[in-house]
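Notes to accompany the following structure.
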Amino acid sequence: TNLKLAGYFCFDVGTQIVNHTYEAAKAAVDCALHGADQILSGKENVVFALTRPPGHHADLEIYGGYCYFNNAAIAASHMLPKGRVAIVDLDFHHGNGTQSIFYETPNVYFISIHGNPANHYPYCSGFKNERGAKLGEGLNLNIPLPTGTGDNEYRIKLKKICRIISRWKPDYLVLSVGFDTFKDDPLGDFNLTSPFYKEIGAIFVSLGIPLLACLEGGYSIKALGTNVANFCDGLASSENKEV
């Protein structure tokens, strides 16, 4: 197989395919699907899937942004026969692939909170006027935030998102969780602190909706483990207050 042909389906020059790319990408999908099955079976109510490579930039026919298969979108599609799904993308970069996949879908509400797409990858999507189309009109919400956004500003937007989700009443909640919103991440320009990720996890689990979280970006390698652990502590919290 001539791997150069893969370039026809890639929208950037930084997402390479090497010998074991397919195996790694498929393993990430399998991890997300296993998490979804744990929720669908009733065995678990909250699951964190350690999916790498990430997935939220991958569309149905194109890949890029270090993403080959859209783990969160595949898991959400797996859940759809059992009920409506809200997807919240918390990565610093807009989840263009997830948005595109569900843009005309009536039973998926996609919400993304991210850096200004006028200045940040993927540049082509993530603007406020992208609201969904056809049967999915009004079910796509983008919340771009300015450089330097910190814990307080981010918290206000998260609570707004949670109110929207509560009103829509989904059966399942899927989170695309990127930790490139961290203050020291080299690919983002937000100012979120490490302890705040615990609060983020607690905010979403307090909704009481069966929840699958999939790992997306996060490039401050020294802090990534701590930030993920803090987020999981929030998911596991039993002392959450309603938003």
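The values are calculated or read from the model by the stated rules, or taken from the named source; none is laboratory data. Keep in mind that what you see is a predicted model, and the values were worked out from it rather than measured. Glycine also receives a Cβ, built like all others from the backbone with ideal geometry; neighbour counts cover every protein chain displayed. Side chains included, ligands, DNA and RNA excluded: accessible areas come from the protein's heavy atoms. Shrake-Rupley method; radii C 1.70, N 1.55, O 1.52, S 1.80 Å.
Annotations
- Subset of segment 192-211 [among the polar types (S, T, N, Q) and under 27 Å from Ser41 (Cα atoms)]: Ser206
- Screening Pro186 against (1) part of a loop (DSSP other than H, G, I, E, B); (2) in contact (Cβ under 8 Å) with a residue 40 or more places away in the chain; (3) farther than 16 Å from Asp89 by Cα leaves a single unmet condition, (2).
- Residue match in segment 105-114 (condition: open to solvent by 10 Å² or more (accessible area, probe 1.4 Å), of a type outside the set (A, V, I, L, M), farther than 20 Å from Glu216 by Cβ and part of a helix (DSSP H, G or I)): no
Residue-wise test of (1) surrounded by fewer than 12 Cβ atoms within 10 Å (Cβ to Cβ); (2) more than 17 Å from Cys67 (Cα to Cα).
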site	(1), (2)
Tyr8	yes, no
Phe11	no, no
Thr15	no, no
Tyr22	no, no
Lys26	no, no
Asp30	no, no
Leu33	no, no
Leu40	no, yes
Asn45	no, yes
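- Within segment 124-146, the set of residues being outside any strand (DSSP E or B) and closer than 19 Å to Asp185 by Cα comprises Pro146 only.
- Just one of (1) closer than 27 Å to Ser125 by Cβ; (2) without any contact (Cβ under 8 Å) to a residue 12 or more places away in the chain fails for Gln38. It is (1).
- Taken together, the residues in segment 50-78 that are modelled with pLDDT of 95 or more and either surrounded by 24 or more Cβ atoms within 10 Å (Cβ to Cβ) or under 9 Å from the mean Cα position of the chain (by Cα) (or both) amount to 14.
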